[in-house]
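Before any comments, here is the structure.
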There are 4 protein chains.
Amino acid sequence: MNSPTATLLISCPDRKGLVAKFANFIYSNGGNIIHADQHTDFAAGLFLTRIEWQLEGFNLPREIIGAAFNAIAAPLQSNWQLHFSDTVPRIAIWVSRQDHCLYDLIWRHKAKEFTAEIPLIISNHPDLQEIAAQFGIDYHHIPINKDNKIEQEAKQLELLQKYQIDLVVLAKYMQIVSQDFISKFPKIINIHHSFLPAFVGANPYHQAYERGVKIIGATGHYVTADLDAGPIIEQDVVKVSHRDNVNDLIRKGKDLERTVLARAVRAHLQNRVLVYGNRTVVFE
Amino acid sequence: MNSPTATLLISCPDRKGLVAKFANFIYSNGGNIIHADQHTDFAAGLFLTRIEWQLEGFNLPREIIGAAFNAIAAPLQSNWQLHFSDTVPRIAIWVSRQDHCLYDLIWRHKAKEFTAEIPLIISNHPDLQEIAAQFGIDYHHIPINKDNKIEQEAKQLELLQKYQIDLVVLAKYMQIVSQDFISKFPKIINIHHSFLPAFVGANPYHQAYERGVKIIGATGHYVTADLDAGPIIEQDVVKVSHRDNVNDLIRKGKDLERTVLARAVRAHLQNRVLVYGNRTVVFE
Amino acid sequence: MNSPTATLLISCPDRKGLVAKFANFIYSNGGNIIHADQHTDFAAGLFLTRIEWQLEGFNLPREIIGAAFNAIAAPLQSNWQLHFSDTVPRIAIWVSRQDHCLYDLIWRHKAKEFTAEIPLIISNHPDLQEIAAQFGIDYHHIPINKDNKIEQEAKQLELLQKYQIDLVVLAKYMQIVSQDFISKFPKIINIHHSFLPAFVGANPYHQAYERGVKIIGATGHYVTADLDAGPIIEQDVVKVSHRDNVNDLIRKGKDLERTVLARAVRAHLQNRVLVYGNRTVVFE
Amino acid sequence: MNSPTATLLISCPDRKGLVAKFANFIYSNGGNIIHADQHTDFAAGLFLTRIEWQLEGFNLPREIIGAAFNAIAAPLQSNWQLHFSDTVPRIAIWVSRQDHCLYDLIWRHKAKEFTAEIPLIISNHPDLQEIAAQFGIDYHHIPINKDNKIEQEAKQLELLQKYQIDLVVLAKYMQIVSQDFISKFPKIINIHHSFLPAFVGANPYHQAYERGVKIIGATGHYVTADLDAGPIIEQDVVKVSHRDNVNDLIRKGKDLERTVLARAVRAHLQNRVLVYGNRTVVFE
């Protein structure tokens, strides 16, 4: 199972024979499927699938797999992505002052819970510089305020290019990323510290406390131009009671934020997330 | 433990000696406390407590316990309620067309999960008449629409008085109760089929599906004039995935609605819920 | 989606091309797959899949689907089952004195959460006769003790044959079914009121209380000759605390038992459960 | 709330007037109670309580609080402990090769989730030396095998004395501590990587996989002479499916182990855990 694999993520209008067509493409070229999952959204008339197979023994050279598959996929009006397991994605983690999600992602990376490189940390504060140093990751302090946002985002984009970043993870970055930035770099996962769509925006734990909820949550989602309204990848919750003040919610929430963000990032990096409309299919 | 008990629910500004004062009141009159719990909301400067003791061996006759306690409580600016465990509360269950919460409450009542009488079911539809008959409960069909709401609510109030109802349980009643009604009969518990404050109002499962959430919830709360914004007593959630369409959310949600509503009603009937501001303390 | 469907549940040694082979069988005969899921157990070298397709438009008549598929499946050393969605399975519910799982299954059946007929209830006590009558289900009281077990099991088997039962659901039956009975009628689902393998055998809530656990559970599983050791279909848990005495565990446990048993039965009836060794794949 | 507090943990045979007696002791000496919780185990005839009050304004000097309270407590046959919030407990973390619980405890300590000092790490392997160095904690490598256990445990005890350790946390130590050691140093919290009492002993994730469970758990408990049978402080679980192989169980379990161990340690350090028999009351 450790030989390199290729993964296709495909969505297309539902019709007869799709499973057979896609499976035949792999099989007729000598591929051994090690994971296949599909989902039909009958309301949307959409077929969505993930197929992963071993490259060892596959007859097509990598460079032409895409073109070969497109000959089948194009007539089906399908959208598809092709990923190779040995192409290691590069992540930039963006933080503010809180360290728990950063530590957690670094620890999971070291523990090989996901395959990626983490060459870059960007922050609007200098506070976590030391952690970056401890683990040998470059840290760029780019303070952001209303007046300098446009030029600072330009610097951020430049860094993403320089470090050849594939995915930005907002690990409690606590700043709104501009629509313009997102249009230029759309692969961004955020952890929002509430059970979205409850408590959009600032200070969700304070909002939750005010509302007197008995459960709090966290949401890992792709960032879109609408604040906290992007496609949800993962959510989880924890019970709270009248005993818990705002600080307790924050403390309990941190455990949620860590695990929910990590699961969302891991699913994305394993090419298990397919976005359509404002929803996701997360293949198991 | 089966001898009758008295329960005090007290809230007052926090100050030294409250636990001692209240406990002494019971002890000096020969009472045996079988449950005591307290909570201090430091932000609000409020002390909240529940004390339950056996009436057997208590020196004060029931009729004067309130007055005697008030001599202590009034100088402390406290709000308090006194309940006797052998005064059985009377519940009216209001339903629409769905039967799952109704069946569930009736079953739990039969299973003695809570102590109450259920003499009355009110519905804006005739559909569940048969279930009422099956269990020997009076069923009143009071259709409600925009034009007749005022007069029909008058009929509902009349029924509550006639049946000497202490608590109205909206078991998927699916209608908004008017502010005027609530001011006249404020003891109402509702089950809202979402994890409030997400998806207030109509069709929360459709809203949840549209938003693409990965968890759905249900909320048991007291009804106030603000729609779906009253004090929350109980919430619970269940995971969903892309496999679940709206009908699946509805099906999974029913299990939540049953248990969450039952827990909220049970906590209320056991005098374990203290409301302050828009929050609740639910004593364990 | 409401036209009848056929479902294949297949397990076979893993090898290249299985997804393609099975999908081609459906597609080449004009079938429209509406659900397909597969799993490879690499440790066991086993491929397991569930494929469901619409019979409308499928070129093979029902009677020969099995034979036609076997021509493909036999050379692959596969085990397979074929089910038609309009062949409604017949369930016998076995109970003792507790009514919660029985009520729940009947309510879900009425609510069309699963497709089945429930013509028969068997009990070793007369207590739930009335519920059976209420819903028009035949109730057979077959008292069991050490001395009459063999002959009473013979009566039970006779009833299962007479009522053409496909599945026995032990809904808190509280009796051990003999190995001999199981060998003659192996389709039995049981709800065990603990988080197996903790607290096998009698009085699991008392055992749980004695051990001082902070969580209790329930387990829906197929019955095998080893007591409480059959393949697990579904489990769930709920938190408890020092506040909960044995009766509280029993009360909280009932909610678990209802939902866990219902989910296990529903998964089985939807042909989503594949047993291999002492494990299950539960296709989503 | 940040002024120092005293906390009494008391258990005694249940009788009338206990709440009043204990509250009066605090109040008559000018103390302001900031937390009080009690529980009566009616089956055991035992009253258990936790009372925390501010030392500021309390009339008794610290040195004599114990003696003064004992004058009340001794006639009641009570067991009691007295703790001061500014007496910072000292923890030794014992590890083997896995780093996740160690990292987590260190991070929570830095985040001030609990108040303690962590001057000492003991391990039977050298692997985590570097982490200790990173955070400035002394690391002692004490390899253990069958032949040297007695002498190595002597060294461990010596270190605990030298570092004035109050609590040993077995953060995946993976070794059995001898009965003799426990009798000499009984304050030990362990994280067991299963939902006890399921899967006692070695390799619980392998055992869980073999049994085909649908949920895995972790248990934080005090260590006693009976392996994995000590009083449980905290448990939590996570769902698994047929998709999860043993490595997945291990990965998912690590998240549980981290949070369950941390909650158990935190509850202990906040003097919220009262052990009686083989059970705990964990005051909220």
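The values are calculated or read from the model by the stated rules, or taken from the named source; none is laboratory data. If you're wondering where the values come from, they're calculated on a predicted model, not measured in any experiment. In this analysis, Cβ positions are derived from the backbone assuming ideal geometry, glycine residues included, and neighbour counts consider all displayed protein chains. Surface areas here come from the heavy atoms of the whole protein model, side chains and all, with no ligands, DNA or RNA. Shrake-Rupley method; radii C 1.70, N 1.55, O 1.52, S 1.80 Å.
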Qualifying residue in region B:194-201 (condition: surrounded by fewer than 21 Cβ atoms within 10 Å (Cβ to Cβ) and away from every other protein chain (no Cβ under 14 Å)): no
request  = Kindly indicate whether D:Q164 is in contact with a helix residue (DSSP H, G or I) (Cβ under 8 Å, 6 or more places away or on another chain) and surrounded by fewer than 15 Cβ atoms within 10 Å (Cβ to Cβ).
outcome  = no
Apart from one, (1) in contact with a Lys or Arg (Cβ under 9 Å, 6 or more places away or on another chain); (2) modelled with pLDDT of 95 or more; (3) at negative phi all hold for C:G212; the odd one out is (3)
Exception for D:T259 within (1) in a helix (DSSP H, G or I); (2) farther than 29 Å from B:E284 by Cβ falls at (2)
By residue number, the members of region D:12-28 that are open to solvent by 10 Å² or more (accessible area, probe 1.4 Å) and touching a residue at least 60 places away in the same chain (Cβ under 8 Å) are D:P13, D:R15
- Query: Just to be sure, is A:L157 in the same structural domain as A:K187 (by TED's automatic domain parsing) and under 26 Å from A:R263 (Cβ atoms)?
  - Reply: no
Among helices (runs of 4 or more DSSP H) entirely inside region A:106-190, those with 3 or more residues being under 30 Å from D:Q134 (Cβ atoms) are A:129-134, A:149-162
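Answer yes or no as to whether B:H125 is in contact with a helix residue (DSSP H, G or I) (Cβ under 9 Å, 6 or more places away or on another chain) and surrounded by fewer than 18 Cβ atoms within 10 Å (Cβ to Cβ).
Taking the combined requirement at face value, the residue does not satisfy it.
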Within region A:150-157, does at least one residue satisfy the condition of being within 19 Å of the chain's Cα centre (by Cα) and modelled with pLDDT of 95 or more? yes
Counting only residues in region B:202-225 that are over 20 Å from A:P231 (Cα atoms) and in contact with a helix residue (DSSP H, G or I) (Cβ under 8 Å, 6 or more places away or on another chain), the one surrounded by the fewest Cβ atoms within 10 Å (Cβ to Cβ) is identified as B:A225
With respect to A:I188, determine if the residue is out of contact with any His (no Cβ under 6 Å at 6 or more places or on another chain) and closer than 21 Å to A:V265 by Cβ. yes
Please indicate, with yes or no, whether at least one residue in region C:87-95 is surrounded by fewer than 16 Cβ atoms within 10 Å (Cβ to Cβ), at pLDDT 95 or above and closer than 30 Å to C:L18 by Cβ.
yes
Of the residues in region A:101-118 that are out of contact with any helix residue (DSSP H, G or I) (no Cβ under 8 Å at 6 or more places or on another chain) and more than 10 Å from chain D (Cβ to nearest Cβ), the one that is most open to solvent (accessible area, probe 1.4 Å) is A:E117
Selection from region B:29-50 of residues at the interface with chain D (Cβ under 8 Å from one of its Cβ atoms) and either crowded, with 23+ Cβ neighbours inside 10 Å or not β-branched (V, I, T) (or both) yields B:G30, B:G31, B:N32, B:I33, B:H35, B:A36, B:D37, B:Q38, B:F42
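Here is a list: B:D244, B:D236, B:D228. Which entry is under 27 Å from A:G201 (Cβ atoms), acidic (D, E) and open to solvent by less than 20 Å² (accessible area, probe 1.4 Å)?
Within the list B:D244, B:D236, B:D228, the selection yields B:D228.
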Selection from region A:251-284 of residues of a type in the set (S, T, N, Q) and at the interface with another protein chain (Cβ under 10 Å from one of its Cβ atoms) yields A:T259, A:N278, A:T280
Looking at region C:61-80, can you tell me whether even one residue there is open to solvent by 10 Å² or more (accessible area, probe 1.4 Å), farther than 24 Å from A:G31 by Cα, of a type in the set (G, A, S) and within 14 Å of chain A (Cβ to nearest Cβ)?
no
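For (1) farther than 23 Å from B:V282 by Cα; (2) small (G, A, S); (3) in a helix (DSSP H, G or I), each residue gets a yes or a no:
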{"residue": "D:A6", "(1), (2), (3)": "yes, yes, no"}
{"residue": "D:K16", "(1), (2), (3)": "yes, no, no"}
{"residue": "D:F25", "(1), (2), (3)": "yes, no, yes"}
{"residue": "D:I33", "(1), (2), (3)": "no, no, no"}
{"residue": "D:H39", "(1), (2), (3)": "no, no, no"}
{"residue": "D:I51", "(1), (2), (3)": "no, no, no"}
{"residue": "D:I65", "(1), (2), (3)": "yes, no, yes"}
{"residue": "D:A73", "(1), (2), (3)": "yes, yes, yes"}
Check: Any chance region B:217-226 includes a residue that's modelled with pLDDT under 95, of a type in the set (D, E) and not in a strand (DSSP E or B)?
Finding: yes
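Does region D:264-284 hold any residues that are in a helix (DSSP H, G or I), surrounded by 22 or more Cβ atoms within 10 Å (Cβ to Cβ) and out of contact with any helix residue (DSSP H, G or I) (no Cβ under 9 Å at 6 or more places or on another chain), and which are they?
D:A264, D:H268
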Residue hits (region C:185-237; free of Cβ contacts under 8 Å to residues at least 12 places away in the same chain and of a type in the set (A, V, I, L, M)) are C:A202
When (1) under 20 Å from B:V213 (Cα atoms); (2) among the small types (G, A, S); (3) modelled with pLDDT of 95 or more are applied to A:A198, the one that fails is (3)
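Mind telling me which of the residues C:D236, C:D255, C:D228, C:D244 ends up being of a type in the set (D, E), in the same structural domain as C:I189 (by TED's automatic domain parsing) and more than 26 Å from B:A267 (Cα to Cα)?
That would be C:D228, the only listed residue that is of a type in the set (D, E), in the same structural domain as C:I189 (by TED's automatic domain parsing) and more than 26 Å from B:A267 (Cα to Cα).
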